[in-house]
Amino acid sequence: MSDEGRKLRRRAAKHRRAIHDLRKVANMPTWRLRDFHDDDLDRAIQMWEQDRQADDSHPVFPISEVMAAARAGGSAVVAVVGDEVVGVTVAQSQGERAWITLVALSGSWRNRGIGSALIAELERRLRSQGVRRIGALLAPGATGSKALENSGYRTRGGLIYYEKAEHIAASDAGLLAELGGRVLPPGLWGSVAGMEPEKDAIERRIVLPLAEPALAERYGVRPPKAVILFGPPGTGKTSFAKAVASRLGWPFVELFPSRIAATGAGSLAVSLRETFAELAELETVLLFIDEVEEIAGVRSGLAVDPSHGVTNELLKLIPGFRDGDERLLICATNSVRSLDPAFLRPGRFDYVIPVGPPDSAARSAIWQRYLGPATEGVELHQLVEASEMFTPADIEFAARKGAQAAFEREVVDRRGTQATTQDYLSAIADTRPTLTDQMLTDFNEDIEHYVRM
């Protein structure tokens, strides 16, 4: 066959392949755009993981942050073929500025214009919100780069990107959501008013060794893996647990014994085991169990006691939880004396720390926090003295009640007067304090017998 004949055959073959490809595309189902739904979470994370591995890139925005924004009503659009999600894009906006934080596409649906269509729809929504400047920060060659260029975006040089590592892996975002966990906002530690002795003890014993693991290792200090906070109700044990998670930047998961106790002792033991198995998949987590006495109370010694199985299960689960490098279990109880002695053993819990009622200095700081600008003109020392048996939660309630009384008076009188000392004193008088003399007696005795720090 002549060279000319071979050329003609190659052209004909190429033409047939082109026709075949066109027919294949024509027969493929069409895609459409819609809002992001909570049910899209797992598929979006899966596509993000596939894109990251295919591009060998390191995304700038953590998937946990992106998905949290999408679920919270941020601008997010997905492309679907039938019921299958094949593309997703998400943006976060503030004022006239927005950032595209995610463009993820199914591998089999790339280079078909879906990325550009997603970005165009996202832009339309952002403009309707008043956004006038849209940016995107992507790793070189990351999914979405071509779509952004085709949509008129241009790269900017001369910039330096700074980053500090976050504590939740992308693959953990979906699991964290299933467990009801979240990454708490920064700054909660600083918002804990008063309670300086407790705050200092928790800072030195818990926070610093976990925040400075290399330094702790150099001095032979073993960071804690499990601690117990005990004290009267309302003294801020939950707030301290959340503040520690916020300070460390760790995901926070709370386990509620009362919510699963109704299923029966046997089912509760199974639920505990399943929950801890899921938690084991998280690289970093602060697990908080409030009112832990419900699942770790003193065992009666009777073989028929149904609580034995639950307590035994929890005792077996704690050592496994302690194996992780960045895991912390904080258990809180109003009655440490009601916990099973085996539960309190040093091998399971590193510290047993009291969180008591606020002293006068702490009450003053707490009142100032909740009064805010209303502090001016209010005799603070009178409020502090009158609220001697109040917990932080009691003070918050009384402060709100006093402010509400002043607000209602202003609605009627319209005189422009602020809340007065008497407004808050009346609110204090109408608030039943959480603390009792017996509680304080028991708490002081528990300090003598159980504190380990």
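We did not get these values from a lab; they are worked out from the coordinates using the rules stated. The shown structure was predicted, so the numbers you read here are calculated from the model rather than taken from an experiment. Because the Cβ atoms are built from the backbone with ideal geometry, glycine has one as well, and the counts that use them run over all protein chains shown.
Using 5 Å bins from zero, what percent of all Cα-Cα pairs in segment 173-356 falls into each bin?
1, 8, 16, 21, 21, 16, 10, 4, 2, 0
Number of Lys pairs in the chain with C-alpha atoms less than 20 angstrom apart, excluding same-chain neighbours closer than eight positions? Don't skip to the end; give the middle numbers.
Values: K14/K24; K199/K225; K199/K237; K199/K242; K225/K237; K225/K242; K225/K316.
Eligible lysine pairs with Cα atoms under 20 Å apart amount to 7.
Between E385 and A54, with labels modelled 7 Å along Cα→Cβ, what's the label distance in nm to one decimal, could you check?
7.3 nm
Can you give the FRET efficiency for A214 and Q404, using 1/(1 + (r/R0)^6), R0 = 51 Å, r = Cβ-Cβ distance, to the nearest 0.05?
0.55
Could you work out how far apart the two model spin labels at R71 and Q46 are, taking each label as a point 7 Å from the Cα in the direction of the beta carbon, and quote it in nm?
Each label point lies 7 Å from its Cα, and together they span 1.8 nm.
Kindly rank 174-181, 347-354 from highest to lowest mean number of other beta carbons found within 10 Å of each residue.
Ranking the peptides 174-181, 347-354 by packing returns 347-354, 174-181.
Provide R110, R97 in ascending order of the number of other Cβ atoms located within 10 Å of each residue's Cβ, fewest first.
Listing R110, R97 from fewest to most nearby Cβ atoms yields R97, R110.
Taking just the C-alpha trace of the chain, give me its Rg and Dmax in Å.
29.2, 109
Take each uninterrupted DSSP H stretch in the chain, measure its Cα extent along the helix axis, and return the ones at 18 Å or beyond whose mean Kyte-Doolittle hydropathy is at least 0.0.
114-128, 265-279, 307-321
For the ranges 204-217, 239-252, what's the packing order if you count other beta-carbon atoms within 10 Å of each residue, average per peptide, and put the highest first?
Answer by packing, highest mean first, reads 239-252, 204-217.
How far apart, in nm, are two points set 7 Å out from the Cα along the Cα-to-Cβ line at K146 and at E274?
My value for the distance between the label points is 4.4 nm.
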